[in-house]
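*Asks:* Got a structure for you, written out below as structure tokens; questions coming shortly.
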Amino acid sequence: QGGGDGQQAFGIVGPAAAAAQHAQVSAVAVNPNDANEVWTVNRDQGTVAVVDVVAGQLVDEITVGQKPRSLAFTPDGSKVFVANQRGNVPFDRNFVSPFLGTEKRGTVSVIDTQTKAVTELFPVGTEPYGVAVAPNGKFFALSGFRSATIKFYDANSLTELLTHQYPFDLAFIPNGMTLADVDANRDGVGDLEGPRGFVIRSDSQRLYVTHHRSPYVSVLDLTL
């Protein structure tokens, strides 16, 4: 700052608080508390691998659900959420084999990063794909590939807060909408079918969502 008599007086300014970063769906993530520790899903093994990237070694492998597709740390690094696309349904079980009636066709595993153990496992609907924790740490979002939903859960209590349902099925168009609303470019594919990857903006109030075969990105404004 300026001083008197043409002189300059300088104060010591500490580092500014780091701005929150966006949060996105990913199959691999770095531990916020250990930059040398990388976690990744093993889709075909039903596990999450923990890798020491300095030593180049697998240090742990944690059993989760069937076909884990993505994972996300809480901002404080204490927990990891894993989206298990097939829940507890083995790869060889289907309508022909048949189903047993006890299947959970989509789950989320919660891992304690200190003990590297699954502390919670709960159903979240059919075929979840992407999971990301909001930058503010208060909630996590989950894309439902088969159900065309984005679900929001409290990051601490794990209770479901709300579900956003996309109009995606051309055979069942919601009341008040037309085919042009569900398939604007008339390519025979629902514009908002199969939500997969998404980004939660740094202020935790907007999501940008990609869709499987659709050429569109949808934008969700969020207030929780």
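*Asks:* (1) farther than 20 Å from ALA23 by Cα; (2) modelled with pLDDT under 95; (3) in contact with a strand residue (DSSP E or B) (Cβ under 6 Å, 6 or more places away or on another chain); (4) open to solvent by less than 40 Å² (accessible area, probe 1.4 Å): which one isn't true of ARG105, the others all being true?
*Replies:* (4)
*Asks:* Name the residues in region 108-117 that are open to solvent by 10 Å² or more (accessible area, probe 1.4 Å) and of a type outside the set (Val, Ile, Thr), would you?
*Replies:* Scanning region 108-117 gives ASP112, GLN114, LYS116, ALA117.
*Asks:* Could you list all residues from region 143-154 that are within 21 Å of ILE111 (Cα to Cα) and in contact with a Ser or Thr (Cβ under 8 Å, 6 or more places away or on another chain)?
*Replies:* Within region 143-154, SER143, GLY144, LYS151, PHE152, TYR153 qualify.
*Asks:* Got a sec? Which of SER202, SER214, SER157 is more than 16 Å from GLY106 (Cα to Cα), assigned to a loop (DSSP other than H, G, I, E, B) and free of Cβ contacts under 8 Å to residues at least 12 places away in the same chain?
*Replies:* Unique residue meeting the criteria: SER157.
*Asks:* Any idea how many residues of region 118-128 are within 28 Å of TYR216 (Cα to Cα) and surrounded by fewer than 22 Cβ atoms within 10 Å (Cβ to Cβ)?
*Replies:* Selection size over region 118-128: 3.
*Asks:* Return only the number of the condition from (1) in a loop (DSSP other than H, G, I, E, B); (2) free of Cβ contacts under 8 Å to residues at least 24 places away in the same chain; (3) among the hydroxyl-bearing types (Ser, Thr, Tyr) that THR163 does not satisfy.
*Replies:* Result: THR163 fails condition (1) only.
*Asks:* Looking at LEU142, LEU170 in this structure, which one is under 11 Å from the mean Cα position of the chain (by Cα) and either modelled with pLDDT of 95 or more or open to solvent by 20 Å² or more (accessible area, probe 1.4 Å) (or both)?
*Replies:* LEU142
*Asks:* Quick check on region 118-137. Is at least one of its residues under 15 Å from the mean Cα position of the chain (by Cα), of a type in the set (S, T, N, Q) and part of a strand (DSSP E or B)?
*Replies:* Checking region 118-137: not a single residue is under 15 Å from the mean Cα position of the chain (by Cα), of a type in the set (S, T, N, Q) and part of a strand (DSSP E or B).
*Asks:* Which of the residues spanning region 62-98 are closer than 27 Å to ASN156 by Cβ and either open to solvent by 70 Å² or more (accessible area, probe 1.4 Å) or not in a strand (DSSP E or B) (or both)?
*Replies:* THR63, VAL64, GLY65, THR74, PRO75, ASP76, GLY77, SER78, ASN88
*Asks:* Are there any pairs with C-beta distances below 7 angstrom linking a residue in region 51-75 that is free of Cβ contacts under 8 Å to residues at least 60 places away in the same chain to a residue that is part of a loop (DSSP other than H, G, I, E, B) and among the aliphatic types (A, V, I, L, M), with the two at least 6 apart or on different chains, and if so which?
*Replies:* GLN66/VAL89
*Asks:* If I ask for residues that are aliphatic (A, V, I, L, M) and either under 19 Å from ALA141 (Cα atoms) or in contact with a helix residue (DSSP H, G or I) (Cβ under 9 Å, 6 or more places away or on another chain) (or both), which ones from region 88-117 would you list?
*Replies:* Hits for region 88-117 are VAL108, VAL110, ILE111.
The values are calculated or read from the model by the stated rules, or taken from the named source; none is laboratory data. Remember, predicted model here, so these are calculated numbers, not experimental data. Quick reminder, even Gly has a Cβ in these numbers, built from the backbone with ideal geometry, and neighbours come from all protein chains shown. Quick note on the areas: whole protein, heavy atoms, side chains included, nothing else; ligands and nucleic acids left out. Shrake-Rupley method; radii C 1.70, N 1.55, O 1.52, S 1.80 Å.
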